[in-house]
Structure formats: structure tokens, C-alpha cells
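Read the structure below first, then the notes.
The values are calculated or read from the model by the stated rules, or taken from the named source; none is laboratory data. Model, not experiment: these values are computed from the prediction. Because the Cβ atoms are built from the backbone with ideal geometry, glycine has one as well, and the counts that use them run over all protein chains shown. These accessible areas exclude ligands, DNA and RNA; they are computed on the full protein's heavy atoms, side chains included. Shrake-Rupley method; radii C 1.70, N 1.55, O 1.52, S 1.80 Å.
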Amino acid sequence: MSLPAPAPDYLNPSGPQRSGRTRLRRAIFAADLIILLAPPVHWLFSGQSAFWYFLVANALVTLSLFALWATSSEEGAA
Amino acid sequence: MNMMIGYGAILAFTVLVVVVMNRSHRGDATMSEYATGGRSFSSWFGTMAFLNTWLAGTVFVAFAGLTASGGVIGMYSLSYSLLSVVLMFFLGTPVNKWGRTHDLRTQADLLGLRYNSRSVRVIAAIIGVLASVPWVVLGMQSLGLVFSTLSFGQVSPYLAVVIGVLFIAARQIWTVRLGTRGLIISDMVQGLFAYGIGFLVIVGMLVWLVNNGHGFGAMAPALLELPGPGSPAGPFYLFSLMFTGMMGAWCWPDLFVRMFSVRTPRTVKKSAVQAAPLLFIFSAALTTVSLLASSVPGVSEAPDTVWFIMAGIGGVGLVAVAGVCVVAATMGNVGANLQALGTQIANDIIGARGHARVESSKGAKIAVAAVTLVSAAVALFTAHQVSGLIAIAFVSYQAICQLAPTLLLGIFWRKGTAAAANAAMVSGILVAAVLELMYPSPLSIPWLGGLTSGVAGLIVNLAVYLAVSFLKPATAAEQHRVNALFDDLKSKTPVSQGAQS
């Protein structure tokens, strides 16, 4: 009976490193929800600023996808 | 002559799509191959399949019209679309990995696996089919505007709807034959035209609008207001629209199965990352054009035609290109819907009656053909009474988003049970349907601060799901099976496929 060889560290982040990334991904997701969904944020804008709110907020969420990708280097990591 | 240019452009584009689809043809005798395209596609195909399924032809017609008539609130569709892409990123690993490990072919298939329940699988499949058919019918009918416009007055609106329905129904011959592989290949061609060429057209329109005095200053001030506290729609109305859209996105069977078709979980995530900027740039540009065009003569009288009114500035050729953009986007959405619905009927409604898995694609092909014929027949018979169908479509949207707690909590939370899922789906739909009939869309519910029926249903749905899951937890054996499913996600190699008890 033999155990499989451990993956190199760069392929298999340690527990704290992985949980840190998971927390970061959850924080990004929460920020996306607040920016786009929170009614008090919607109430702040009227007139032309409402248009710019949608544009900037959606641009930030678009950029957040790249941040999520950067925190997700592992195949299969949720 | 103008009509020949318009109809000829659609015919030429359709021939191109069919030729490309046929070149990709491979054997797809098995249900799994037919439903998932062999789980073989790269991230760019995943990106375009998502976009061509999500951004239907209605974005150029109904959604553009909503922005032109309702103002800046029309940008809500961009917001919930991007939140759906964020969800796609998180769904990628469990959906794709469970799909490959357990040979899942449909959304209902995944729910059947997660909850180990035939009833959850069948109820989810029936909800998916019933909620989707009105949208397929509307999608078919929406081509009427294209064929009417491109005839340049030669064809009556009713005859244009008939031509549009027959055209899109005939196009499904290749959907039936080639299954998901053919669809995803065609999504690439259709998507490049609809959102690539379409974007270039939009940029031209934007330049024209700015240079001809149709800036924000020319807009009616009311079009730049969002509903807030004290507004007739209510303070939570905008939130409700976006929340329902986000939660409902992955409840659509046609969109969900796209995550089965790409190679790996990482491919799904990469598809999402690539889709986000494309979706943002295209949709932001289109909604900006629609918004600024509200001051163009004729748009306020017929906002749904804003895309073609703007294209008309460029002459017959540009109108033809604009028409092909709508057709290309509609082809992707209608084809994906019909293929997913047919497969779901064969695999999860008829197939769930037997104990053996359906392995042949023959039943799915027959089901896709049958759904196509039924949808086309309904589209033709209701061509004179579209408003009634729109009401049913709104109800169906509020209904399908009631799958969300069962779907999303089932994928991300180990404690949800089959009893909770069944009770939640049924109670959510009943609440949403009753409230929708009492307060038809787009009206919100005044005594709930502007929440829509879908969100009210989701609140009840979620409460029931959590209550039943906590009050009547899964048996030890079932919890062990579910834990094994989730543990599989953390390993490179699946360790278990079910309970051993």
C-alpha cells in the first residue's frame, strides 16, 4: 500500500493560503452584490449620475471577474 | 429590390451558419454526446455559447425599446447579466465536475443527483419546460419585426410573423440533427455577427447621435430618474428587477447546460471571465444608444423599433445588417431553448419513469422536433394576440426563478434535502403566481415597498427550504452520500459516486 506523492506546493496551496483565497473570493462576491443590488446605493443617484453609476458599477463588477480569476489558480477549487 | 437585399442577407447568413454547422458534424448517437457536445469545448466556445444563449434577439428589440421608453432604468439588464456571470464563475466547479463524473446531461439531472430524488428531478424539469415554452414562442414571433422591416413595406405585419415563425422553425432541422455540438459551433458564428458586427453598428450609431445633438441634454429629464423612496414603483422595485434576473439566470435549462459542454471547471471559469468584458462593452453600448435615441423623432411612438429606426439612418444595407444581428441572436437563444427542453423531456420526464438511464439520443431528437412543432404552432395561432402571451411569459419568469433556492443552495450547501426542495419550489411558485396575477408585471407590490411577485415568492421559497431542511434533516446515509459528492469537488480524482449503505 502506498500513498500518492504530494503535489508540489505551487500546485497545492496550504490550508491557510487556500482559505484566505476563499475568503477573498467571498468578499469580492459580496462587494459585487452591494455595488449593484443594494437599494440605498440606487437611491443615491438621479439625473445623469444614474447613468454613470450604472456604467462605473458594472465596470467594477467586470473587473472583479479578473480578480476572482487571479485568486483561483487551482483546478477544481470552488 | 430593397426587400431582396433584406431577405437575401438573412438567407445568406443562414446558409453560412448551416454550412459551418454541417462541417462540425460528428456521430452523436448517445444521449450524453447529443446533450453536452462531448464535454469537449474550449473557453472561447463556452463564452460565445453563453452570450448567444443569454443575449437573445430581444435585446435589440424589447430591451432596447424598454430603455428608449423607460430611460436609464433599462440598464438594470446589464447589471443582472453581469451578476449572472459572477455566479457562473462560482458554479463552474461543482456543475462541470459533477456533470463529467456522473454523466449529467441536464439541469434536472443534476438536481436529481444532488437530492437523490426522482420527484425533485421531475418537478424541476416540468417547471423548466413550462416556463420556457412561452419565451420560445415569443422569440419566434419577435422575428416578425425583422421580416416586416426588411420587406420595406411589402409584407404585412401578420404575414411577417408567419414568415419569421416558419423560418426559425425550419432552422431547427439542424438543431434536431446536430444537437449541442452543432448549437455551440453555430453560437460562435451567430455570436460573432450579432455582437461583433452588431457592436460596430452600435458605435456608428453612437457617433451619429452625439454629432447630431442627441446627447443627454436632449433627453427628457424623467428618463434619467431611478425609482426610490416615494416613487410610484416603490423603493425596492429596481432591486427586485435585478435580483429576480440574477437568481433566474441559471434556472433556465438552456443556459445551465452550457456549463456541461466545456472541458473542465476551469474552462467554465475562464469562459465567465472572457464573457464579462464582452457583455459589458456590448450591452453598455447598446443601452446607451437606446437611451440617447429616445430624442430621435419616431422613437417615442414605437420604442421597440429603435434599433431599426437608428439603422435606417445608414440606408438599406445597414438595415439589412441590423436585421441579421437580430436573427443571429434569436437563432442562438431559440435553438438552445428547444434543444435543452427536448433533451429534458426525454431525459428527465419520460426517462425518469424507467430505472435505466436513457442512452440513445433518438428520444431527445424526437422530443426536440416535437417541442419545435408545438411552439411554432402556438406562435402561429397566437400571432394576433401577442399581449396575452407576454403576460404568460412574465408569470413564467417569476415561476422559473423559484428554482433558484433549490438549485443554488443544493450546489453550495450540504444540508438541503429533497423534501425541502419540493416544498420550497411548489410554495414559491404558488406565492409568485398568485401575486403576479394580482399585481401583473411590470407593476410592483405596493404594500411590499415595490418588491415584485418573484422576489416575494423567493422569500417564502427560501424560508420553506431552510425550515424543512433544519426541521427534517437528511438521514445519516443520505447525508453521507451528499458529503461524498461535495468532497469529490475538492479532489483531483472523484472518490465516490454514492452512498454505500
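Would you mind finding the longest exposed-site-free stretch of chain B, with exposed GluC sites (Glu not before Pro) meaning DSSP loop and at most 15 other Cβ atoms within 10 Å?
Working: sites that count: B:Glu301, B:Glu359.
Result for the longest clean stretch: B:1-300.
Normalised Debye scattering of the range B:1-156 at q = 0.09, 0.10, 0.15, 0.21 Å⁻¹ gives log10 I(q)/I(0) of -0.46, -0.56, -1.17, -1.46, counting only Cα atoms as equal scatterers and leaving out solvent. Between the beta carbons of B:Ala484 and A:Arg23, assuming R0 = 41 Å, the FRET efficiency works out to 0.95 to the nearest 0.05. Relative to the longest principal axis of the Cα atoms of chain B, helix B:118-150 runs at roughly 10 degrees.
Max-minus-min Cα coordinates of the range B:100-216 on each principal axis give 61, 34, 29 Å, with the largest extent listed first.
Taking a ≥ b ≥ c as the square roots of the eigenvalues of the Cα gyration tensor, the range B:239-357 is classed as prolate, since a/c reaches at least 1.5 and a/b is larger than b/c.
Given the Cα-Cα distance of B:Lys415 and B:Arg100 and 0.36 nm per residue of separation, how much length would full extension add, in nm?
Taking 0.36 nm per residue and subtracting the Cα distance, the gain is 111.1 nm.
For the pair B:Ser119 and B:Val15, a Förster radius of 56 Å applied to the C-beta separation gives a FRET efficiency near 0.75, rounded to the nearest 0.05.
Among the trypsin sites (Lys or Arg not before Pro) in the range B:13-95, those placed in a DSSP loop whose Cβ has at most 15 other Cβ atoms within 10 Å are B:Arg26.
Here the calculated FRET efficiency for B:Ser491 and B:Arg357, from their Cβ-Cβ distance with R0 = 22 Å, stands at 0.35, rounded to the nearest 0.05.
Of interest is the spacing of the C-alpha centroids, which for the range B:128-207 and the range B:458-484 amounts to 42 Å. For the protein assembly as shown, the number of Lys pairs with C-alpha atoms closer than 29 Å, counting only pairs eight or more positions apart or on separate chains, is 17.
Between 0 and 90 degrees, the angle of helix B:157-191 with respect to the longest Cα principal axis of chain B falls at about 50 degrees. Between chain A and chain B, the total buried accessible area stands at approximately 3500 Å², from heavy atoms with a 1.4 Å probe.
Which one, B:Cys325, B:Val368, B:Tyr115, projects farthest toward the positive side of the charge dipole computed for the protein assembly as shown from Cβ point charges (K/R +1, D/E -1)? So the residue furthest toward the plus end is B:Tyr115. Return one number: the angle in degrees, 0 to 90 and rounded to the nearest 10, between the long axis of the Cα atoms of helix B:198-211 and the longest principal axis of the Cα atoms of chain B. That works out to roughly 40 degrees. Charged neighbours of B:Gly416, selected by a Cβ distance under 14 Å, balance to +4 (K, R count +1; D, E count -1). Computed in the context of the full set of protein chains, the accessible area of the protein assembly as shown at 1.4 Å probe radius has 71% of its extent on carbon or sulfur. Once you have a ≥ b ≥ c as the square roots of the Cα gyration tensor eigenvalues for the protein assembly as shown, tell me rounded if a/c is under 1.5, and otherwise prolate or oblate according to whether a/b is larger than b/c. Note, shape of the protein assembly as shown comes out prolate. Between amide H atoms placed 1.01 Å from N, distances below 5 Å from B:Leu451 occur with B:Phe236, B:Ile445, all of them 5 or more places distant or on a separate chain.
Lys and Arg at +1, Asp and Glu at -1: add these up for the other residues within a Cβ distance under 15 Å of B:Leu87 and post the number.
Every neighbour counted, the sum reads +3.
If a/c stays under 1.5 just call it rounded; otherwise compare a/b with b/c (prolate if a/b is bigger, oblate if not). Do that for the range B:165-235, with a ≥ b ≥ c from the square roots of the Cα gyration tensor eigenvalues. Taking the square roots of the gyration eigenvalues as a ≥ b ≥ c, the range B:165-235 is oblate. Helical runs (DSSP H, four residues minimum) scored at -39500 (n - 2.57) apiece and divided by the length of chain B put the mean residue ellipticity at 222 nm at -23000 deg cm²/dmol.
Phi-derived couplings, Karplus 6.51 cos²θ - 1.76 cosθ + 1.60 at θ = phi - 60°, listed residue by residue for the range B:330-344: 5, 4, x, 6, 5, x, 4, 4, 5, 5, 5, 5, x, 5, 5 Hz, with x used for Gly and Pro. Between beta-carbons, use under 15 Å as the cut-off and find the net charge around A:Leu33, counting Lys and Arg +1, Asp and Glu -1. Residues close to A:Leu33 contribute a combined charge of +1.
Residues of the range B:55-93 that lose at least 10 Å² of accessible area (1.4 Å probe, protein heavy atoms only) when the other protein chains are present, relative to their chain alone, are B:Val72, B:Met75, B:Leu78, B:Ser79, B:Leu82, B:Leu83, B:Val86, B:Leu87, B:Phe89, B:Phe90, B:Thr93.
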